Amino acid sequence: MSMFRVRILLRVLRRLRAAPSRAAGRSHRKTIRFLAVDLPLILILETINRICLIFDEFLFRDYRNTPIEKPVFMVGPPRSGTTFLHRLLFKDNRFTSLALWEILFAPSILQKKFLLALARIDRRRGNPVYHRILAAEERFLSGPMHRTSLFDPEEDEMLLVRTFSSGHFLIFLFPFEEEFRPLIYFDTELPKLERYQIMNFYKQCVQRHMYVFGKGKRFLSKNPGFSIKMQSLQHVFTDASFIYLARTPFESVPSNLSLFYYVHQKLPTATDDRHFIDFILEQMKNYYLYPLKKMGKLPRNQKAVVLYGDLIHSPEQTVRELYRQIEWPLTPSFAEILKRETSRAASFMSEHEYSLEQFGLSINIIEEKFREIFDIFGFETPFTETPSANMKT
């Protein structure tokens with residue numbers, strides 16, 4: 001089981017207390033709330049999770065023999081259509097993915113079975129608890145992020161947050177990049193033993209999911225943060241296929257920054273905006289280039305590249321070509337689902353608007369920073385400084 005990184009947490013908490021803020025009073029109140037309320041609740045939940053994971057080793061020990069055959073990992077820069085494609089492919093009932101409720105509240109088999117038993121009781125009573133959860137989600141889970149639910153498949157790298165091992169997520173919560181740099185540049189800067197511990201913990205979490213939900217299914221995962229774990233994933237899942245999604249940096253960069261600032265405003269963290277924007281740009285460049293480098297060594301049927309524009313405008317054709325590439329047959333039932341989803345995608349209009357200027361960026365800055373990406377994919381330069389407003393973010 002992966003060790004919790006207590007030293008990093010303590011350093012981050014010290015930084016958090018000392019962090020300057022332009023709204024010092026509000027930030028101080030948030031810090032007090034986080035340290036006095038949020039953090040203790042998180043640690044209590046994590047303690048429960050750890051105890052249940054230990055019980056798994058006695059009650060369901062054979063889960064370690066559960067195979068994970070030919071898993072599919074979706075990687076690439078954030079805000080490039082991974083959620084849209086993930087939820088589309090998840091409608092193919094031959095795939096299985098971790099739902100958000102599993103990731104947050106039930107990493108162990110024991111917890112999964114317990115909550116599934118409660119769900120059966122709730123269904124017999126007419127789903128009152130389920131409907132209350134949906135109502136709460138409608139109220140609280142909004143913003144520039146994709147619409148999410150506890151019952152939807154989500155980024156399972158969040159499993160690594162509970163061991164303080166996910167640089168991708170932790171940097172959004174605590175913008176102190178020097179504390180998380182080895183985790184952010186996972187394959188190239190983290191010691192080999194730590195990489196093994198983290199990936200072994202992740203594999204066991206996936207095996208627990210497959211033990212309960214995965215009989216006869218293929219595991220499907222989408223994690224932009226896994227873009228810098230490609231080498232480690234290939235070592236653990238030797239027969240895995242990788243789907244790489246790419247979107248023009250003129251849209252993915254401001255969309256990602258918009259998400260960061262939305263999260264940042266709700267947390268007791270502070271950072272120098274210009275410095276952190278530079279860091280995000282460098283991180284996203286790595287998310288674009290590193291997986292392409294690693295995918296180059298894979299067999300043709302274990303890799304595919306999907307462009308955001310193709311996916312949004314022609315989802316059915318894009319998925320058909322993707323299935324051919326990874327040699328995964330298209331069933332008649334899923335073909336019908338694809339046709340329906342294509343009609344829905346045609347009527348989609350996003351409410352999220354963002355521009356380069358609001359982050360102090362320009363077309364020239366993006367072109368210079370991501371020149372290799374434009375050369376590889378041939379993305380066009382927009383005629384204005386503002387990317388299309390009506391795009392999925």
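In table form, for the structure just shown:
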item: Candidates GLY378, GLY126, GLY214, ranked by Gaussian network fluctuation over the chain, Cα under 10 Å, top entry; result: GLY126
item: Overall form of segment 112-227 per C-alpha gyration tensor (a/c, 1.5; a/b vs b/c); result: oblate
item: Sparsely packed GluC sites (Glu not before Pro) within segment 147-239, loop by DSSP, other Cβ within 10 Å at most 15; result: none
item: Under 5 Å, built H, 5+ apart or other chain: amide partners of LYS303; result: PHE242
item: Solvent-free Debye scattering, log10 I(q)/I(0), computed from the Cα coordinates of segment 88-171 at q = 0.14, 0.22 Å⁻¹; result: -0.61, -1.29
item: P(r) weight above 36 Å for the chain, C-alpha pairs, percent; result: 23 percent
item: In order through segment 58-66: 3J(HN,Hα) via Karplus (6.51 cos²θ - 1.76 cosθ + 1.60), integer Hz, x for Gly, Pro; result: 9, 8, 10, 4, 6, 4, 5, 8, 5
item: Residue-wise HN-Hα coupling along segment 313-329, computed from phi with Karplus coefficients 6.51, -1.76, 1.60 (Hz; x: Gly, Pro); result: 8, 9, x, 5, 4, 4, 5, 4, 5, 4, 4, 4, 4, 9, 6, 10, x
item: Among TYR262, ILE366, GLY309 - extreme Cα towards positive end, dipole of the chain, charges at beta-carbon; result: TYR262
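Here, each number is a calculation from the coordinates, and none is a lab measurement. Everything numeric in this text was worked out from a predicted model, so none of it was measured. Glycine gets a Cβ as well: all are built from the backbone with ideal geometry, and neighbour counts include every protein chain shown.
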